[in-house]
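Below you'll find the structure, written out as structure tokens, and then a few comments.
Bear in mind these aren't lab numbers, they're just calculated from the coordinates by the rules spelled out. This one's a predicted model, so the numbers in the text were calculated from it and none came from an experiment. For neighbour counting, all protein chains shown are included, and Cβ atoms are generated from backbone atoms with ideal geometry for every residue, glycine included.
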Amino acid sequence: MVRTRDEGVNEIIQTAERLFLEKGFEKTTVQDIGQRMGIAKGTFYHYFKSKDELVDHLLQRYIDRLIHVMEMTSRNSQIDAAHKIEQMAKSFIYFEGWNSDLMRYIHQDESLVLNHLFEIRCNNEIKPLVQSVIEEGVEAGLFNVEFPKQTVFMIISVFDFIFDDGSLRSGIFDPEVLAAMEDFLNRLLGAKQKFNLSKNE
């Protein structure tokens, strides 16, 4: 069966993601991907120049998923700004991609380029969403924030630090860390109601 380019790209990415989960990123080779799909290595290189380019495409998909959830939350007219911030924070903290083998690889020292790409896209696309919700909360009297843009920068910086520290990627959340994050958001936003970042709340 002849594949379109998009079909070929999608099939390779899906196969690679499964193999990364089974064997780990480092141990998965282009040959492994080809064998699983029943294609020659040359066919792989018809779609991707290298394994690194494949990883870049897969990373973009992870980020797209996270940003999509954030966008849907920011546009949800059924909840107020405080609940939007709470849900957006939870979406970031409990995002299923954090503890993947790929994400662990991306945040190793030798993956600084991919790490930087990840941070740029998250910052550029998530920051405006969070800022709009904070401004919505200020207008509704739920938050007391004088400088929304700078406040978003501080929130993203703290979450980035926790991410780089490995706390999110471990999949194990220290209750004290979550409590500190809740307190940080409450104080920074001057929130009228306390945030709860527990997963099942």
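General observations
- Modelled label positions at Glu71 and Lys27, each set 7 Å beyond Cα in the direction of Cβ, lie 3.7 nm from each other.
- Highest mean packing comes first when the peptides 189-196, 125-132, 72-79 are listed by Cβ atoms within 10 Å, giving 125-132, 189-196, 72-79.
- Where labels lie 7 Å past Cα in the beta-carbon direction, separation of Lys41 and Ile120 in nm: 3.0
- Förster radius 35 Å - calculated FRET efficiency between Glu7 and Lys199, Cβ distance, rounded to 0.05: 0.45
- Listed by chain and number, the lysines whose C-alpha is less than 21 Å from the C-alpha of Lys90, apart from same-chain residues fewer than 8 away, are Lys127, Lys149, Lys192, Lys194, Lys199.
- Taking each residue as 0.36 nm, the span from Ala140 to Glu176 lengthens on full extension beyond its C-alpha to C-alpha distance by 9.9 nm.
- Over all projection directions, the Cα-based convex hull of the range 1-48 averages an area of 3.1 nm².
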